Each structure stands twice: as structure tokens, then as C-alpha cells.
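Novice: One structure is given below, represented as C-alpha cells, and several questions about it will come after.
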Amino acid sequence: FAPAIAQKAQNTVRFQYDQVPENIDPFFNNVRIGVILGQHVWDTLIYRDPVTNEYKGQLATKWAWVDPTTLDMDLRQGVKFHNGEEFDADDVVYTLNFVSKPENKVVTQTNVNWIASAEKLDKFKVRIKLKAPFPAAIEYLSGPVVIHPNEYYAKAGPQGMNTAAVGSGPYKVVEHVIGKSVRLVRNADYWKDSPKGQPKVERIDIRFVPDRQTQMAGVMAGEVDFIMNVPPDQAEQVKALPHVEVKSGETMRIVFLNFNTLPDGPLPALRDIRVRQAINHAIDRQAMVKQLVGEGARVLNVMCYPSQFGCSDEKAKGLDYNPAKAKQLLAEAGFPNGFEVDFYAYRERNQSEAMINYLRAVGIKANLRFLQYAAMREASGANKAAMLHQTWGSFSVNDTSASTPVYFGGGPDDINKDPEVIALLKTGDTSVDPAVRKKAYAEALGLIADKAMGVPLYALVTYYVSSKGLDYATYADEIPRFWEMSWK
């Protein structure tokens, strides 16, 4: 296909993605494309090797705990931001102090709410103070916590960063058409010792195309080089095309149904544990994994990813597929003919539809409300959504603090607010003793399962479809690393 050869000659990758970031400043969106952009345009203080999980220096060269709430870091010299501003302690101090203030409304508070403050010790040395012991701090500093240029950010703020982004990463943003596209160009001055290595591909053209069929048609016509999250059946169909390559791999992205059980929630029926258990029994998770999710996926009994520190299902028994039991529980709860509910979802529509069919089979009439993520989150925050088909990639942070507490730890996305679960998760997040952390998380996860606060489903497998000749690796953290890619 000539178009793909042309891209190879121009050393460009054309990438389409199905979600639109509200803002490309990594602190002001929480969709996957925002995480991907964050790692290309910006750098973090620490780098976690995606294969070995070993921590290496990125913008910091060394770090040491002074005590359980004080972290000192030596910073790298000779790094420049895309606008020519020199990187030093002022950038770290400004970024961390800005994002950790609740009034600045960082979208995912759990990524930053452990930071008390940051102070400059000298030009290339900083001290980070924590509000309480938080052993996962290193993991967050290697993931969602990117560093902004202080002078530029003080003037531009999150809105200015959205329209004209400036980082120190391997790619520069040369154009952002809000809601439509982002164009990246290789940073020719990227600092040479970065653990990311030097980027090989010259240009990345990213377009936000919500319709999967349109994306697939683009790849088949040779007009698009890379797409991800392709449904397994579609990936199978294009495998045979000579100019296309298909790869897959399990990801850290967990999928679950979340129920609003708040006293003033939109559907009183969900406050009855029998109704919640009935919904668990109504859904055939094994069949969904086999038929819809794809090879390599596994059913989960808890709301975290198995590799995350503290993720354990030892105290959680998954409820088996048993539609007869589901109907019996609904009748006992006073709903022999079921009830009606709006079913909110934002991706993997085919999986939402399968769950709706399972619910209808036991008498629950679920009406699909398929929205962009920001709109779904808004409905949940406004206490309007009773049942949500959620997926969560933990910002690729390999620690349970990044998954379960986001939805059950008492924050803005918690629509259960169970005091016992909140207290256990807090212990898990803040204890410096790994054994105490593990025990607290296991107990919290067990309680969430016992009370059927949601339906843990499975971890997603991501299918990637690309132009043949594009060389790349897949990772469980769902971040395609364009800086490693090259045309064969």
C-alpha cells in the first residue's frame, strides 16, 4: 500500500484514538490518551522500566528517604524544556506545589494528594514533604507526576498548557486542534542519557476518532498506521491483510460494574445487598472473557490488577454465574419482575451490550447511556448514575493505592462511601510496613466483595493494529512508546 510506504519515507506514524482528552496537560485529564501524551511530551523525576519494573533516574539522578514523610532528590543538570527554559529545582517545586493544592483541581486527586509541599534545597536539589507516610510515592513520581517548566506554567496555567504544551520529553507538540488532533515532532535536543532513549520516528500525527469502524477503515486503506483497543473480532478479520499487522497483550486495565449505594442515590433498589448480589450472579464473566475480551484475559474477583502491590483476592469470593439464583434474590428483595435502570458506559460498547442482555435475562431492564468519559464521570459526580461500566488503568501505577481507593476510598469517584472500607484503604495507602499494607488491602477488597459494592469483571487485553513494517513492543501499562518505534 503506497500510503504506508510514504509514511515510512517521511518517518511519520499516523495514530488514531477513540477518546478525546479534556485537556492535554496530564494533570487535567484522566483518559488513556492523556497518559500516553504525558509520557511523550513530558518527563518524570523517576523512570520505571516497563519490563523489569526497576526504578531509574530520569529528571532526578538520585533520591533518598530522610524519614517516612521526607524525600530528598538530586536533579539532572543540562536538561532543557521545549521552549529553551532550563530545568532545575524551581520547576519541580512549582509543579508539585501547584498540583498538590486542592483548589487547583487536578482531575485525579489520588495521584497528587499525598504531597504536602516541595522546597528547593539548592539549584539542583529538592525536598518533597508528604502529608503522611506513602510508600508508593516513588511509583507515582515515575508515572502520572510529570514536571512542568515553572516560568511558562506560572503564566500559561492548565489552559495555556492545553493550547500550547511545553515539556522536556522526547516529543514536542507543534499543533493541538482541540477535540480533533495533536501533532508531535521529535525533540532533536532531547537529553542524551534519558532512559527512554532517543526517539527514532520524526513525526506522530494523532487524531481523535471516536468511531472504531472509521479507524479500522483507515488502517485497511493504508491511511492510518497505528490504532489500539481494537475489538478482538475486528482484529481477527484484518489479520490476513498483507499490509497490516496485529499484536495483543494483557493490560493493567481492570473492568468492573460500579453501583451507587449512597443513601440519596438515584436507584434505591441498589441499597439492597440482594439486588447487588443478583446482578453479580446474572453476568457470565467467563463467557464474556472468552467471546468478547480476547486471548490472554482473565476474570478478576477484586477491583485491582494482580501485579499491583497489595492486590489480593484471598478474602474475596467471586459470585458465580447463576441466573436462577439472581432471579430468586431479586424476588426476595421485592423485585420479582425486575426494575429499570440507566446503564452508563464509555468504551467497549459490545461488552456493555452483552451485560445489558444478561441483566434483561433476569428481568432487569438496563438502558444504555453511552457517553464520552468526561460526561459519564460528571453524571456520576452529580449523583445521577446508578450503574456504571467502568474501566481503570491506574495511570499505569503498579500499586493498589492507584486502583481500589480511587473508587472506594472516599474520594469524588466513590459512590459507596463505606466508612470501614475507606479506613482500611487509608491504612493500606499510608503504612510504611509492607505486611500491614497487604493485610489492610486484602481486608478492604474482601469487604467490597462481601458487600457486592460492584461487579469485578476482568482485565482487558488490548489489540493493536498497525501498518506492516512498523516495529514496536506492547506493554501491560497500555502505553505505546512511540519513542522506541521505528520503520523497518
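Novice: Restricting attention to the range 390-410, which residues are under 16 Å from Thr261 (Cβ atoms) and small (Gly, Ala, Ser)?
Specialist: Matches in the range 390-410: Gly409, Gly410.
Novice: Next question, about the same structure. Of all residues in the range 121-132, how many are within 21 Å of Trp42 (Cα to Cα) and either surrounded by fewer than 16 Cβ atoms within 10 Å (Cβ to Cβ) or at pLDDT below 95 (or both)?
Specialist: The total comes to 1.
Novice: Let me spell it out: the conditions are (1) crowded, with 21+ Cβ neighbours inside 10 Å; (2) at pLDDT below 95; (3) more than 17 Å from the chain's Cα centre (by Cα), and Asn30 meets all of them except one. Which number is the exception?
Specialist: The single condition Asn30 does not satisfy is (3).
Novice: Turning to a different aspect of this structure: Somewhere in the range 10-19, is a residue outside any strand (DSSP E or B) and more than 25 Å from Met161 (Cβ to Cβ)?
Specialist: Yes: the range 10-19 contains one or more residues that are outside any strand (DSSP E or B) and more than 25 Å from Met161 (Cβ to Cβ).
Novice: Return the residue satisfying two criteria in turn: it lies in the range 199-222 and is open to solvent by 40 Å² or more (accessible area, probe 1.4 Å) and assigned to a strand (DSSP E or B), and of such residues it is farthest from Tyr346 (Cα to Cα).
Specialist: Arg203
Novice: If the requirement is being among the aromatic types (Phe, Trp, Tyr) and out of contact with any Leu (no Cβ under 8 Å at 6 or more places or on another chain), which of these qualifies: Phe408, Phe395?
Specialist: Phe395
Novice: Can Asn229 be described as at pLDDT 95 or above, within 24 Å of the chain's Cα centre (by Cα) and not in a helix (DSSP H, G or I)?
Specialist: Against the criterion (at pLDDT 95 or above, within 24 Å of the chain's Cα centre (by Cα) and not in a helix (DSSP H, G or I)), Asn229 does not qualify.
Novice: Looking at Val146, Val166, can you tell me which residue is within 30 Å of Pro434 (Cα to Cα), at pLDDT 95 or above and buried (at least 17 other Cβ atoms within 10 Å of the Cβ)? Step through it out loud before you land on a result.
Specialist: Values: Val166 fails: within 30 Å of Pro434 (Cα to Cα).
Only one candidate passes the filter, namely Val146.
Novice: Only residues in the range 460-476 that are more than 18 Å from Arg347 (Cβ to Cβ) count as the first member; pair them with residues that are acidic (Asp, Glu) and surrounded by fewer than 20 Cβ atoms within 10 Å (Cβ to Cβ), Cβ under 6 angstrom, at least 6 apart or cross-chain, and list the lot.
Specialist: From residues that are more than 18 Å from Arg347 (Cβ to Cβ), the pairs are Ser466/Glu245; Lys468/Glu245.
Novice: Write out, first by first residue and then by second, each pair whose Cβ atoms fall under 9 Å of each other, whose residues are 6+ apart or on separate chains, and whose first residue, in the range 89-108, is in contact (Cβ under 8 Å) with a residue 60 or more places away in the chain while the second is assigned to a loop (DSSP other than H, G, I, E, B) and basic (Lys, Arg).
Specialist: Qualifying pairs under 9 Å: Asp90/Lys123.
Novice: Could you give me the residue pairs with C-beta distances under 6 Å whose first residue belongs to the range 69-81 and is under 23 Å from Trp114 (Cβ atoms) and at pLDDT 95 or above, whose second residue is open to solvent by less than 10 Å² (accessible area, probe 1.4 Å) and in a loop (DSSP other than H, G, I, E, B) wherever it lies, and which are 6+ apart or on separate chains?
Specialist: none
Novice: Restricting the first residue to the range 332-361 and requiring it to be under 22 Å from Arg271 (Cβ atoms), which pairs with a second residue that is basic (Lys, Arg) and assigned to a helix (DSSP H, G or I) meet a Cβ separation below 6 Å and a spacing of at least six or different chains?
Specialist: Glu332/Arg274; Ala333/Arg274
Novice: Go through (1) without any contact (Cβ under 8 Å) to a residue 60 or more places away in the chain; (2) β-branched (Val, Ile, Thr); (3) part of a loop (DSSP other than H, G, I, E, B) for Thr427 and report which single condition fails.
Specialist: Answer for Thr427: the failing condition is (3).
Novice: Would you pick out the residues in the range 369-382 that are open to solvent by less than 40 Å² (accessible area, probe 1.4 Å) and at pLDDT 95 or above?
Specialist: The answer is Met376, Ala379, Ser380.
Novice: Another question about this same structure. Which numbered condition trips up Ala188, out of (1) of a type in the set (A, V, I, L, M, F, W, C); (2) open to solvent by 30 Å² or more (accessible area, probe 1.4 Å); (3) in contact (Cβ under 8 Å) with a residue 12 or more places away in the chain; (4) assigned to a loop (DSSP other than H, G, I, E, B)?
Specialist: (3)
Novice: Which of (1) in a loop (DSSP other than H, G, I, E, B); (2) on the phi < 0 side of the Ramachandran plot; (3) touching a residue at least 60 places away in the same chain (Cβ under 8 Å) is the odd one out, the single condition Tyr140 does not satisfy?
Specialist: The number of the failed condition is (1).
Novice: In the range 63-96, what count of residues is obtained for those that are open to solvent by 40 Å² or more (accessible area, probe 1.4 Å) and either farther than 17 Å from Ser168 by Cβ or in a helix (DSSP H, G or I) (or both)?
Specialist: 8
The values are calculated or read from the model by the stated rules, or taken from the named source; none is laboratory data. Source: prediction; values computed, not measured. When we count neighbours, we look across all protein chains shown, and the Cβ atoms used for this are built from the backbone with ideal geometry, even at glycine. With ligands, DNA and RNA removed, areas are computed over all heavy atoms of the protein, side chains included. Shrake-Rupley method; radii C 1.70, N 1.55, O 1.52, S 1.80 Å.
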